[in-house]
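Where a number appears in this text, it was derived from the coordinates with a stated rule and is not lab data. Note that the structure is predicted; figures quoted are calculated from it, not measured. Don't worry about glycine lacking a Cβ; one is built from the backbone with ideal geometry, like all the others, and counts go over all protein chains shown.
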Amino acid sequence: MIDSHVHFWNYDPVRDAWITTDMQLIRRDFLPADFRAANAEAGCIAVQASQSEAETDFLLQLAGEDDVIRGIVGWVDLRAADVGERLAYYRQFPIIRGFRHVVQGEPAGFLLRPEFLNGIRELTGAGFTYDILVYHHQLDDVIRFLEQFPGQRFVIDHGAKPGIAAGLIDDWAEKMRTIAQHPAIYCKASGLLTEADWARWKPETIFPYLDVLFDCFGSRRLMFGSDWPVVQVAGGYRAWLALLQDYLKDFSEPDKRAFFSDNATAFYKLS
């Protein structure tokens, strides 16, 4: 198995202020040994959780110490004038497969700002992937953004965070179908439990959203991700994995293998 979306951190209450008081379970350090304990069968893609190059360097350090990390999605300032130089620097580390910016916390139109678009062009030229992290209400910007980069490898994190707790699905589903028309766009089936009611979700709450994602992206462009350790606040790693295994129980073995391993390997070009 390849878990396409895992975070690591040494908890810092100032830097990690996004981990609010109702997320007490994850207000501590989470490192590769903890991930191995959560799911010993899986390698992972380590994805940035804070917006600094220090975060990228931290993930590089961890990957040098533990080969459970198969690839890194780091952070670099894609708006910076010297972004090309910074990407050239990070190309010396083959384990860095791509980059991400936490766009879900940015104002409307952020993805379409000229300096950010320039950063993505530099990313494309350097051969890196880009993880798109947005909420469902930001998808109009995503659609316009994707149209400008037909050759770039993108993946939508967390299914674009649909409004599961509020039962919102139709508008999100329509826009995800539009996005999926781009054949090079992948999506992660991750982070859905934390968009539901953490204490009251049931499989039948989540399955309609998985139906949409599989209908849009199929078994060959949708990849397994846990969003560990954030998933711990909404039932935990094993609960999410069991839900997905139940959902896929009637899928073919090649389709299951694609979802749980091969698609992440192909998208991130893991060796």
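Structural remarks
- Here the label points at Arg91 and Ala165, each 7 Å from Cα along the C-beta direction, are separated by 4.3 nm in the simple model.
- Three-way shape label, the range 12-102, alpha-carbon gyration tensor, a/c 1.5: oblate
- Computed extension length for Asp82-Asp57: 7.2 nm, one decimal, from 0.36 nm per residue of separation with the Cα-Cα distance subtracted.
- When only Cα pairs below 8 angstrom with a gap of at least 6 residues are kept, the chain shows a relative contact order of 19 percent.
- Put simply, when 98-104, 207-213, 255-261 are sorted by average Cβ atoms within 10 angstrom per residue, most first, you get 98-104, 255-261, 207-213.
- Counting neighbouring Cβ atoms within 10 Å and putting the fewest first, the residues Arg153, Arg27, Arg97 line up as Arg27, Arg153, Arg97.
- Counting neighbouring Cβ atoms within 10 Å and putting the fewest first, the residues Glu115, Glu106, Glu204 line up as Glu204, Glu115, Glu106.
- Computing FRET efficiency as 1/(1 + (r/R0)^6) for Met1 and Arg113, where r is the C-beta to C-beta distance and R0 is 45 Å, gives about 0.75.
- Spacing of the two label points (7 Å from each Cα toward its C-beta) at Ala242 and Gln148, in nm: 4.5 nm
- Note: relative contact order over the range 150-250, using C-alpha pairs below 8 Å and six or more positions apart, is 30 percent.
- Sorting Ser252, Ser226, Ser52 by the number of Cβ atoms found within 10 Å of their own Cβ, with the fewest placed first, yields Ser252, Ser52, Ser226.
- Value in Å of the Kirkwood radius, where the range 31-81 supplies the Cα pairs that are averaged: 11.6 Å
- Protection proxy ranking of 1-9, 87-95 - average other beta-carbon atoms within 10 Å, highest first: 1-9, 87-95
- 10 Å-binned pair-distance histogram of the range 187-238 (Cα, whole percent): 25, 53, 21, 0
- Here the sum of -39500 (n - 2.57) over DSSP H runs of 4 or more residues, divided by the residues of the chain, equals -10000 deg cm²/dmol at 222 nm, to the nearest 500.
- Mean projected area in nm² (Cα convex hull; one quarter of hull surface) for the range 119-271: 9.1 nm²
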